[in-house]
Amino acid sequence: MGKITEVMKKEFIPYEQALTLKELGFDEPCFAFYTPEQQLIIARGDVLQSSIENAPTAPLCQQAFRWFREKYGLDSNTINTNMWNTFSFVINDIPNKNPITTYLDFNTYEEAELECLKKLIEIVKNL
C-alpha cells in the first residue's frame, strides 16, 4: 500500500462523502481507501479485499458521478460560465428528462464539482 500524493488526492472524493456513499450502498471496486485517520491509501492486489473490508473505499470523482447516473438516473455537469469567470453545475433527472437543479457562481471547477456531489447525495438521501 502507498500514500497518495497531494496532486492525486483531487481525483478522489473526500472522506466525508466517501463515508456517505458507503452508507447509500456504493460498493463498486476502488483502488484506494480511507484509513480511520482519514488518510487516503492506494491498495494493491488483494489488500483491498482482505484487510480493509470496513474501511470506506475512495472512489474517483468520475466513479461517484457514474454511480449516481447509473443507479439513480441522476446526470450532472460542471461547467465554466465564462462570462463571469465562475463555475456552475446542473443535475438532470434522466428518466423524467428534466433538470432538477442548477447552481451558479463557484470560484473553481473543483468547488462546483464537490458541491454537485454533495447535492446528489442530498437528493438520494431524500428519495
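Details
- Filter result for I52 (modelled with pLDDT under 90, assigned to a strand (DSSP E or B) and among the β-branched types (V, I, T)): no
- Scanning region 102-110 turns up one or more residues that are charged (D, E, K, R) and within 17 Å of the chain's Cα centre (by Cα).
- Taking every residue in region 91-117 that is at positive phi and not assigned by TED's automatic domain parsing to the domain that holds L127 and pairing it with any residue that is assigned to a loop (DSSP other than H, G, I, E, B) and surrounded by 15 or more Cβ atoms within 10 Å (Cβ to Cβ), at least 6 positions away or on another chain, yields no pair with a Cβ-Cβ distance below 9 Å.
- When region 67-76 is limited to residues that are surrounded by 14 or more Cβ atoms within 10 Å (Cβ to Cβ) and not acidic (D, E), the one that is nearest to E110 (Cα to Cα) turns out to be S76.
- T102 at pLDDT below 90, buried (at least 18 other Cβ atoms within 10 Å of the Cβ) and not small (G, A, S): no
One line per residue, one yes/no per condition, for (1) among the charged types (D, E, K, R); (2) within 22 Å of K10 (Cβ to Cβ); (3) out of contact with any His (no Cβ under 6 Å at 6 or more places or on another chain):
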| residue | (1), (2), (3) |
| --- | --- |
| A43 | no, yes, yes |
| Q63 | no, yes, yes |
| F68 | no, yes, yes |
| F89 | no, yes, yes |
| I94 | no, no, yes |
| D105 | yes, yes, yes |
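- Some residue of region 20-31 being charged (D, E, K, R), surrounded by fewer than 18 Cβ atoms within 10 Å (Cβ to Cβ), modelled with pLDDT of 95 or more and in a helix (DSSP H, G or I): no
- Members of region 80-97 found to be over 20 Å from I121 (Cβ atoms) and either in a strand (DSSP E or B) or modelled with pLDDT of 85 or more (or both), listed by number: N80, T86
- Only one of E122, E115, E110, E37 that is in a helix (DSSP H, G or I) and exposed (fewer than 13 other Cβ atoms within 10 Å of the Cβ): E122
The values are calculated or read from the model by the stated rules, or taken from the named source; none is laboratory data. Keep in mind that what you see is a predicted model, and the values were worked out from it rather than measured. Glycine also receives a Cβ, built like all others from the backbone with ideal geometry; neighbour counts cover every protein chain displayed.
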